[in-house]
Amino acid sequence: MADVDNVKEGKQFHVDVPAVSESFFLKGSNSLDWGTKNRLSNIFNPDTGRTVMLAIDHGYFQGPTTGLERIDVNILPLLPYSDTLMLTRGILRSIVPPTYTRGIVMRSSGGPSILKELSNEQLAVDIEDVIRLNCSAMAVQVHIGGEFETQTVHNLTRLVDIGNRYGIPTLAVTAVGRQMVRDAKYMRLASRICAELGASYVKTYYVPEGFETVTASCPVPIVIAGGKKLPELDALKMASNAIQQGAAGVDMGRNIFQSDAPVTMIQAVRKVVHEGETPEHAHDYFLSMKREEVKVG
Ligand code: R5P
């Protein structure tokens, strides 16, 4: 009963100090609930407002992707350098140590394999399991212009409704069909639809022409996918350009885990995303440190 024992004069109400009322650091996220903001802060670094998400969910539709054959061997060494892991619950439970305390973004849609029509996805996880696994967000593929466009949009809106009930953000992943043009016009359309329908943040591909119009017209943060493996300098230039043009980070997979030196590459990506390093400097770092990683490996 310490308070009862205390003399009243000892209390400090600081009546002359106004209560702090800060706005939340992420674009378009100020009106979200406390739990949602707290989870978003596990994904985006509040100091930089950015994130390096490591995407290793490719197996959910294409099986043991190159670089992900042995996640225990190839990916676990990268965990200290990722702000967030994007993956399936199967890999999370079977391989990732529960001592990993950063954000987990749960792949929450699925269905077709690479042998079938990829837009024919449904929700593939129950909210109870997302909560049980202490996830920071749920990711759902949205195929604007795809054969099952409406179905994937409904997947997004259902997930947003369920997530809002429990304070769990939803990441909309814009999937571009093989027959579609990957340009700013398409990315603006897809990302804006996802944001309008309630996504907390959106993942798109980077496009060299007009990407700043994609980020400007999307009211919530955008992160870019890495796409197919590029030479490291090109991947770092892409990440840097995206950040300069308004992206809030990367959700990168193959350009990290298919590198000859993935541990060094993810650190080079961090330099571009969090420290504002030029891609050339980050690449010099990659080249100098790569030798050590390859020697040790
Ligand atoms: C693909 O559907 C997966 O959702 C990946 O998370 C995404 O494509 C990012 O990985 P990458 O950088 O390899 O493109």
Notebook entry, point to check: Mean projection of the alpha-carbon convex hull of the chain over all orientations, in nm²?
Noted result: 19.5 nm²
Note to self: Using only Cα atoms and rounding to the nearest 10 degrees, what angle (0 to 90) does helix 184-196 make with the longest principal axis of the chain?
What the structure shows: 40 degrees
Item checked: the chain: angle of helix 149-166 to the longest principal axis, Cα-based, in degrees nearest 10 -> 20 degrees
Note to self: Which residue fluctuates most in the GNM of the chain (Cα springs below 10 Å): ARG107, ARG165, ARG188?
What the structure shows: ARG165
Notebook entry, point to check: How big is Rg to Rh over the stretch 166-297, alpha-carbon atoms, Rh as the Kirkwood inverse-mean-distance radius?
Noted result: 1.01
Next item on the list: Please work out how much length the chain gains when fully extended from SER288 to GLU275, using 0.36 nm per residue of separation minus the C-alpha to C-alpha distance, in nm with one decimal.
Entry: 2.9 nm
Margin query: Can you give me the angle between helix 34-43 and the longest principal axis of the chain, using Cα atoms only, in degrees from 0 to 90, rounded to the nearest 10?
Written below: 50 degrees
Note to self: If I model the stretch 114-224 as equal point scatterers sitting on the Cα atoms and use the Debye formula, what is log10 I(q)/I(0) at q = 0.16, 0.20 Å⁻¹?
What the structure shows: -0.69, -1.02
Note to self: Run the reach check for LYS11 against lysines, Cα to Cα strictly under 20 Å, same-chain hits fewer than 8 apart removed. What comes back?
What the structure shows: none
Notebook entry, point to check: Just GLN179, GLN258, GLN122 to compare: in a GNM of the chain, with alpha carbon springs under 10 Å, which one fluctuates most?
Noted result: GLN179
Checklist line | Set LYS37/LYS203; LYS116/LYS185; LYS27/LYS203 screened for pairs whose C-alpha atoms are more than 22 Å apart | finding: LYS116/LYS185
Check: So what is the 222 nm mean residue ellipticity for the chain from helices alone, if each DSSP H run of at least 4 adds -39500 (n - 2.57) and you divide by all residues, rounding to the nearest 500 deg cm²/dmol?
Finding: -11500 deg cm²/dmol
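Coordinate-derived values only; no laboratory data. Only a predicted model underlies this, so the values are computations on that prediction, with no experimental measurement involved.
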